[in-house]
Amino acid sequence: MKNKHLLWRAGFGPSALDISRLNDVSAHKLYKSIENASQQSPSYFNVAGNLFQEIMAGAGTTDSMMQARRNLSQEQRKQLRKRSVEDLRKLTLTWLDEMINGEAQLREKMSLFWHGHFACVQVNIFYQQQLLHEIRKNALGNFGALLKAVSKSASMLAFLNNQQNRKQHPNENFAREVMELFTLGRGNYTEEDIKEAARAFTGWGFNLNGEFVFREAAHDNGVKTVLGKTGNFNGDDILNILLEQKQTALFITRKIYRYFVNEEEPDEERVKQLAEKLYQDNYNISSLMKAIFTSKWFYEEKNIGTKIKSPVELLVGIRRMLPMQLQNGAIQILLQRTLGQLLFYPPNVAGWPGGKSWIDSSTLMLRLRIPQLIKDDDTFFITPKANDDQQMGMKEEFDLATAKKQFRGGFSINANVDWNAFIAQFEKTAKEDLFNTLQDILLFTLPGQIDKPTIENNSHRTSREEYIKSVAIALMSTPEYQLC
């Protein structure tokens, strides 16, 4: 139970190959191997085509984004947007594949957390690639370095309008979100702090290549007072001042605790202790995560099987447990959208709220059906929420292309599951122990808490293999499987 708990919280759950060795190592040694596997720097995901470069080359040599757009024809702008949307889908599927098959489970899980913390919607594929790489590269490093890298990224500067932040006409969006969402949390600063910080961030921008640019002519060189400190501050000074505040360490630690340990019942005393450690360790993220995952309290009953899996955790976890090839990988985009967590399209600047917000009457029904849909390739009918601001026109294009291939416009997952790889893990399990063994691997429930007779009555007993398949799918289709 401990190792399964660790694999779900420090990653995306056990893979099929983990089954036979789940109980062969202590949780402490398992975490050490998880930690070691995530130490190597990530490779850069480069999925963008050449169209962007070709079109932007025709925009001239200007560093101004607005001028570059004016140099493009309407048709070029349309092509640019369409290609970026297509490439963002590729980036989503590439990252999902890394979560499913990559060894650096902790790094990718931590990256998913930061992806929600530093929520950003940006249709430019090059800028999103850059931002994702900075997040993945710094996910387990120093929070200060991560904060500065994200704050200077073209995606975030564009999303929070800092490209338009100039002296005499300061734009407060960036400064507000840096304080409210990235560092201190709401209520730990004043409106005057935001106004003064916005002045310090004037001149921060980026060029066409997404490189950070400080435009001195647009910067306010006057004296500013932020959080009780006064000086001729620039943006880096403000970020350093924010990092000096113990409230920042507390805000970050509490959010990490809720995400990785217990969302409903955070232990505030423990959070404060961990926050003090994070602050004294100069915001070493890896050190904080080790303190959490190697503690005795992390494995207390109240923290196990209490978290509702996010849509990404659910989908990735299923694919890790049941190795498969998808005939149409883009179906994962549709499932993400329908379940409420489409990577690179958070609902707002605060990211995905998580917790019970993942579940409503429609999403729960689809969640419970997914394992059976994977096994049988049944057709299912869903209506993704129409929100073109987030979906960037994806709904119509995907639905029309897919509906032509599906019965009456429905959808199917079309998965080729490698059942042999899964079934092989139970070769040494006695027939009478199969049900309890499957339950122990797939659910965080104790023996007797699942209606065994009902599941077995609906299972296929024509062979040992069919029994394992049908029981596994039935267990993964229960409400209990939604928890980790």
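Please treat every number below as a calculation from the coordinates, not as lab data. It should be emphasised that the depicted structure is a prediction, and the values quoted were computed from it without experimental measurement. Please note: Cβ atoms are built from the backbone with ideal geometry, for glycine as well, and neighbour counts cover all protein chains shown.
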Report, in degrees rounded to the nearest 10, the 0 to 90 angle that the Cα long axis of helix 464-476 makes with the longest principal axis of the chain. 40
Distance between region 139-154 and region 79-113 - C-alpha centres, whole angstrom: 19
Would you kindly work out the equivalent ellipsoid of the chain from its C-alpha gyration tensor and give its semi-axes, the square roots of five times the eigenvalues, largest first in whole Å? 42, 29, 17
Between Thr454 and Thr94, what length in nm is gained on full extension when 0.36 nm per residue of separation is reduced by their alpha carbon distance? 125.7 nm
Toward the positive end of the charge dipole of the chain, about the Cα centre and with charges on Cβ (Lys, Arg +1; Asp, Glu -1), which of Phe426, Ala291, Gln325 goes farthest? Gln325
Rel. contact order, % - alpha carbon contacts under 8 angstrom, at least six apart, the chain: 17
Can you give me the C-alpha center-to-center distance between region 315-384 and region 424-440, rounded to a whole angstrom? 28
Using the Cα centre of the chain as the reference point, and only Cβ charges (+1 on K/R, -1 on D/E), how large is the resulting charge dipole? Debye, rounded to the nearest 20. 340
Using modelled backbone amide H atoms (1.01 Å from N, in-plane), which distant-in-sequence or interchain residues come within less than 5 Å of Leu342's amide H? none
For region 445-461, just list the computed ³J(HN,Hα) in residue order, Karplus coefficients 6.51, -1.76 and 1.60, θ = phi - 60°, integers in Hz, with x standing in for Gly and Pro. 10, 8, x, x, 8, 10, 6, 4, x, 5, 5, 5, 5, 9, 8, 8, 10
Would you mind pulling out the separation of the Cα centroids of region 266-312 and region 207-249, in Å? 30
Counting only DSSP beta bridges with both residues in the chain, what percent are antiparallel, rounded to the nearest 5? 100
Expected vector for region 158-166, Karplus 3J(HN,Hα) from phi with 6.51, -1.76, 1.60 and θ = phi - 60°, integer Hz, x for Gly and Pro, equals 6, 4, 9, 6, 6, 4, 9, 8, 10
Using label points projected 7 Å from each Cα along Cα→Cβ, tell me how many nm separate Gln280 and Asn46, to one decimal. 4.4
Dipole in debye (nearest 20) - region 413-456, about Cα centre, beta carbon charges: Lys, Arg +1; Asp, Glu -1: 20
How long is the gain from Asn240 to Ser26 if the chain were fully straight, where each residue apart is worth 0.36 nm and the alpha carbon distance is subtracted? 73.1 nm
Given labels modelled 7 Å from the Cα in the Cβ direction, how far is it in nm from Thr225 to Ala145? 3.6
Choose one of Phe143, Gly187, Leu93: the residue whose Cα lies farthest towards the positive end of the charge dipole of region 23-244 (beta-carbon charges +1 Lys, Arg; -1 Asp, Glu; about the Cα centre). Leu93
Label-to-label distance, nm, for residues given as Leu366 and Thr306 (7 Å Cα→Cβ offset): 2.9
Report the FRET efficiency, 1/(1 + (r/R0)^6), for Glu432 and Glu480, where r is their Cβ-Cβ distance and R0 is 35 Å, rounded to 0.05. 0.95
What does a probe at Gln325 reach in region 87-106, counting residues whose amide N is under 17 Å from the point 7 Å along Cα→Cβ? 97, 101
What is the helix-to-structure angle for 246-260, meaning the angle in degrees between its Cα long axis and the longest Cα principal axis of the chain, kept from 0 to 90 and rounded to the nearest 10? 20
Modelled label reach - Phe214, point 7 Å along Cα→Cβ, region 231-262 residues with backbone N closer than 17 Å: 231-242
Going by alpha carbons, how many degrees (0 to 90, nearest 10) lie between the helix axis of 74-101 and the longest principal axis of the chain? 50
Can you give the FRET efficiency to the nearest 0.05 for Asn348 and Arg461, using r as the Cβ-Cβ distance and R₀ = 35 Å? 0.10
Which FRET efficiency value, to the nearest 0.05, is calculated for Asn188 and Leu446 with the Förster distance at 41 angstrom and r the Cβ-Cβ distance? 0.45
Contact order relative to length for region 419-482, counting C-alpha pairs under 8 Å separated by 6 or more residues, stands in percent at 38
Amide H partners (placed H, <5 Å) of Val213, local residues excluded: Gly205, Phe206, Asn207
Which of the peptides 108-119, 218-229, 453-464, 254-265 is most tightly packed, and how do the rest follow, going by the mean number of other Cβ atoms within 10 Å of each residue? 108-119, 254-265, 218-229, 453-464
